[in-house]
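Shown next, in C-alpha cells, is the structure this report addresses.
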Amino acid sequence: IYLVRDVLTVGPWNIKRGNNNLEMQGWLIAAQRPDILGVQEVYVNKKDKTNNLLSVRTRNAVNTSFAETISYDSGGQYGIGQISKYKPENEQVTLLSSEDKEQRCVQKVEYSIDGKRVSVYNTHFSYESALIRKKQFAEVLAVMDADKNSYKILTGDFNAKESEFAGFLKNYKVVNSSETKFYDYKYNRIEMSQIDNIIVSKNITVLNARAIPTEYSDHYPLFAFLALK
C-alpha cells in the first residue's frame, strides 16, 4: 500500500461480472485504496439484490455510479460503473457506435477534488472490430474535447492495440504504452497489454502506475498515481 499526500489514485478493472470472485475482488481493490475506479462488465439486478458495484466498493470509495448498456427481461442490467471516494456530480452517459454488436457507451462523472472540477470518463470498447473501435475512439475524443472542465481522466477496457490510441496523443497522455514497464516484487516483468488503459489531460502529472496480477478476473487491474497541477 502506498500512501502519498495530494495524489489521486485511479484506474480501470474489467471484473467479468464478478467471475465468482466478488469477495476477493473487493479485498484486492480495498488493498490498493483507489480514489476512483472505473469498472467494466458490471451486473446489477434490483429483484435479487445483486449489485457488483456494491460488492467491490471499499471503505475509502463508497460512492457508486452505474451506466447501463443492456437491460434483461429478468430485471437485470449490465454495463459499466465507477466507485469513488468523492461524491458523484453531473453524471452523463453517451452511447457509442456499436453497429450490430453489443451496445457500448462512455460514462462521465464529475467530481470536486481539492477545489478542482474533474471529469472522469469510463468506457468499454467493442472487441470484434478495429473499424468499430475507430468510431468509438473518435466519439469519445469528441466528447472529451468538448468538455469545458480542465481536468479530464478516461479509464477503460479498450480492447485496442497501442496504435489505436494515436488520436489522443495531441492533447492527452496515455499511461499504459509499450514504454510502460511493470514489475513484481521479484523484479520479474509483468506482461500488460494496452487493452486496459488510463488517459489523462496534459495538465495532470502521472507520477507512477502499477498493474496487479490476479486470477480473480481475466483482466489485471491497472492504477495510476496522479497529481492535478
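The values are calculated or read from the model by the stated rules, or taken from the named source; none is laboratory data. Predicted model, so just to flag it, every value in this text is computed and none were measured. Virtual Cβ from ideal backbone geometry, glycine too; neighbours counted across all protein chains shown. Heavy atoms of the whole protein, side chains included, go into the accessibility calculation; ligands, DNA and RNA do not. Shrake-Rupley method; radii C 1.70, N 1.55, O 1.52, S 1.80 Å.
Details
- Among the criteria (1) closer than 25 Å to E91 by Cα; (2) open to solvent by 10 Å² or more (accessible area, probe 1.4 Å); (3) touching a residue at least 12 places away in the same chain (Cβ under 8 Å), the one S119 does not fulfil is (2).
- Output for region 44-72, where each listed residue is in contact with a helix residue (DSSP H, G or I) (Cβ under 6 Å, 6 or more places away or on another chain), of a type outside the set (A, V, I, L, M, F, W, C) and open to solvent by less than 20 Å² (accessible area, probe 1.4 Å): N52, T58
- Pair list, Cβ under 8 Å, 6 or more apart: region 18-34 residue in contact (Cβ under 8 Å) with a residue 40 or more places away in the chain, other residue β-branched (V, I, T) and part of a loop (DSSP other than H, G, I, E, B): Q25/I15; L28/I212; L28/T214; I29/T58; Q32/I1; Q32/I212; P34/T58
- Meeting the requirement of 3 or more residues that are among the hydroxyl-bearing types (S, T, Y) and closer than 26 Å to V7 by Cβ, the strands (runs of 3 or more DSSP E) wholly within region 96-189 are 116-124.
- Whichever residue in region 130-170 is among the polar types (S, T, N, Q) and surrounded by 14 or more Cβ atoms within 10 Å (Cβ to Cβ) and, among such residues, is farthest from L8 (Cα to Cα): Q136
- Being crowded, with 21+ Cβ neighbours inside 10 Å, outside any helix (DSSP H, G or I), touching a Pro at 6+ places or on another chain (Cβ under 9 Å) and modelled with pLDDT of 95 or more is a property that I198 has.
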